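Working notes for the structure below.
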Amino acid sequence: MGVKTFLRKGDEVIVLSGKDKGKRGKIQRVLRSKGTVIVEGVNLVKKHARPTKNNPQGGVIDKAMPLPAAKLMLVCGGCGKPSRIRRERAADGSLTRVCKECGHNN
């Protein structure tokens, strides 16, 4: 069973703590089983890659590593600030994410 998170692929988030504190980026992948998220351009490490068909040169590449979902906060599309979100049920029964600050649907 995975960890419950309200973050989705494509969301813009901000890092709350660690070496990349304050950086913003889009979510590339959500790993629910581990409760972690891979964010574009955040938590980069140097990875030594051997030459392959896709990368014939090989060498050292930058790779984004997972971050705990608890260290990220969703950036609201309406007000542009990091904010907490709540879920509201629409009339048709579907759930929508709503910013607690400005009320914008995310």
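Among G41, G80, G93, the residue with the largest mean-square fluctuation in a Gaussian network model of the chain, with springs joining Cα atoms closer than 10 Å, is G93.
Shape summary: region 1-58 maps onto an equivalent ellipsoid whose semi-axes, from the alpha-carbon gyration tensor, are 26, 16, 11 Å in decreasing order.
Shown is the FRET efficiency for R89 and K23, computed with R0 = 41 Å from the Cβ-Cβ distance and rounded to the nearest 0.05: 0.75. Between V60 and L31, the modelled labels are 2.3 nm apart [label points 7 Å from Cα along Cα→Cβ]. Each Cα pair under 8 Å and six or more residues apart adds its sequence gap; the mean of these over the residue count of the chain is a relative contact order of 20 percent. Residue by residue, region 9-24 carries 3J(HN,Hα) couplings of 4, x, 5, 8, 10, 10, 7, 8, 8, x, 5, 9, 4, x, 6, 10 Hz when phi is fed to the Karplus relation 6.51 cos²θ - 1.76 cosθ + 1.60 (θ = phi - 60°); x denotes Gly or Pro. Say R0 is 35 Å: what FRET efficiency, to the nearest 0.05, do K4 and K53 get from their beta-carbon distance? Rounded to the nearest 0.05, the efficiency is 0.30.
Quick note: the coordinates plus some simple rules give every number you see, no bench work behind them. Model, not experiment: these values are computed from the prediction. FYI the Cβ positions are ideal-geometry reconstructions off the backbone, even for glycines, and counts take in every protein chain you see.
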